[in-house]
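Before any comments, here is the structure.
The values are calculated or read from the model by the stated rules, or taken from the named source; none is laboratory data. Quantities reported herein were computed from a predicted structural model and do not represent experimental measurements. Every residue, glycine among them, receives a Cβ derived from its backbone with ideal geometry; neighbour counts consider all protein chains shown. Just the protein is used for accessible areas: all its heavy atoms, side chains included, with ligands, DNA and RNA removed. Shrake-Rupley method; radii C 1.70, N 1.55, O 1.52, S 1.80 Å.
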Amino acid sequence: MERRYQVFVSSTYTDLIVERREIIQALLELECIPAGMEMFPAATDNQWDLIKRIIDESDYYLVIIGNRYGSISDIGVSYTEREYDYAQAQGKPILGFLHAEPDKIEAGKSELDPAAAAKLHSFREKVKGKPIRRWKTPEDLGGAVSRSLHRLMKDHPGEGWVRGVPPDDVLVAAEILLRQSGVGLPDSDSREALTHIVGGQFADLVGVYASRSDFQAKVPASELFDEAQDIRASGLSLNLLCQLYSDFRLRQIIEGGTTLKCLFLKPYGRCILAREREEHYPEGHLSTLTAMNLRILQERVAAKLTAEAAGRIEINVYDEPIRFNICLIDWQLCVVQPYLPESRGVDSPTFLIRKRADVSGLYQTFDQLFSALWERREAYD
């Protein structure tokens, strides 16, 4: 089966933005997963555990040195050198890329402080203890990364991860998009990254949105639901239906013939408690929000329907680890919102999928996933 490798790219950032984009492009062409500090919020010491985890998960480590030492961590060395030392201690295969003529780099991208310059010199000498390549231009660097990493992967295959069937690939791709949607790749390149990584498995993917708010701004709930005849939704609190679409309009479409199946993560259950801990919410926070949305559907919608229309709405719960919000509309459109480790749900990407007759794609996967969850549903009083 096809295997993908994750590569951690370590360097100073503001002076090497163009160079890092060349590197990321080279990694994508090798069908590798790029990771690095620019894919996280600003560097702080309390993020060090997260950075270590990403290095631990990476198969290879690249360090790029121009003529800046970079911001200093609390242990007196730069974050770049600290990452390098950690990767070396963990036995990660390391490739170093040093600028061939650092003295010719413009002043704005060079270290002016004598103490920092001395630390940079020491760090550069340390990196020379591992295989290194020298570069002058961003294009040189991209080519050197591609050639060197290709050889390293051949000589020292990493553990990597095997591309399986969705939804596993969706979670991997979503996490990459989340990390790259800030100061990493532009939106168009983020979509290209997904294509490089998962290829044809996303053949029916018609929209990628960096966050739920971005999705909501571009695809209003009314556009999704006003003309819908069948809606099936599973997830945590189902805000897309309960908060972003009016209960009055929801009653209207159900009275007009729409069928609605809703499956909420069980309030105060085992799995919603685990998610509260993962998102660092106080205990009961997500349960309270979910219970409120359940009451909205029960009291403001279901209880006010005519007897005939009431038979077209079903509301249940489940208590399993939350991985996705899934909303299936008219057996052809699907909205998927992943839940990622250490990330709030609202900050995670949203995928819009339209079923295609000529490919199996993702729609079928999430249709089956919803059906499996629905079969294990519990009643909610």
Considering Cα pairs under 8 angstrom that are at least six residues apart, work out the relative contact order of the stretch 241-381 and quote it in whole percent. 24
Report the calculated FRET efficiency for residue 292 and residue 206 (r = Cβ-Cβ distance, R0 = 45 Å), to the nearest 0.05. 0.90
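If you take the square roots of the eigenvalues of the alpha-carbon gyration tensor of the stretch 191-341 and sort them as a ≥ b ≥ c, do you get rounded (a/c under 1.5), prolate (a/b over b/c) or oblate?
oblate
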Treating cross-link reach as a plain straight distance, find the lysines whose alpha-carbon is under 27 Å from the alpha-carbon of residue 126, omitting any fewer than eight places away in the same chain. 52, 92, 104, 109, 136, 154
Area accessible to solvent at residue 139, 1.4 Å probe radius, in Å²: 120
Take residue 116, project a point 7 Å from its Cα along the Cβ direction, then tell me which residues of the stretch 1-32 have their backbone nitrogen under 17 Å from it. 11-17
Let me check I've understood the local charge: for residue 289, count other residues with C-beta under 15 angstrom from its C-beta, Lys and Arg +1, Asp and Glu -1. What total comes out? +2
Net charge near residue 328, counting Lys/Arg +1 and Asp/Glu -1 over other residues with Cβ under 10 Å of its Cβ? 0
At 0.36 nm per residue, minus the direct Cα-Cα distance, what do residue 156 and residue 90 gain on full extension? Give it in nm, one decimal, please. 22.2 nm
Can you tell me the FRET efficiency between residue 364 and residue 214 if r is taken as the Cβ-Cβ distance and R0 is 25 Å, rounded to the nearest 0.05? 0.45
Probe 1.4 Å, all chains present, heavy atoms only: residue 371 accessible area in Å², nearest 10, is 50
Once Lys and Arg are counted +1 and Asp and Glu -1 for all other residues with Cβ under 12 Å from that of residue 152, the total becomes +4
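Would the stretch 1-153 count as rounded, prolate or oblate if I go by the C-alpha gyration tensor, calling it rounded below 1.5 in a/c and otherwise prolate when a/b exceeds b/c, oblate otherwise?
oblate
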FRET efficiency for residue 270 and residue 323, Cβ-Cβ distance as r, R0 = 25 Å, nearest 0.05? 0.95
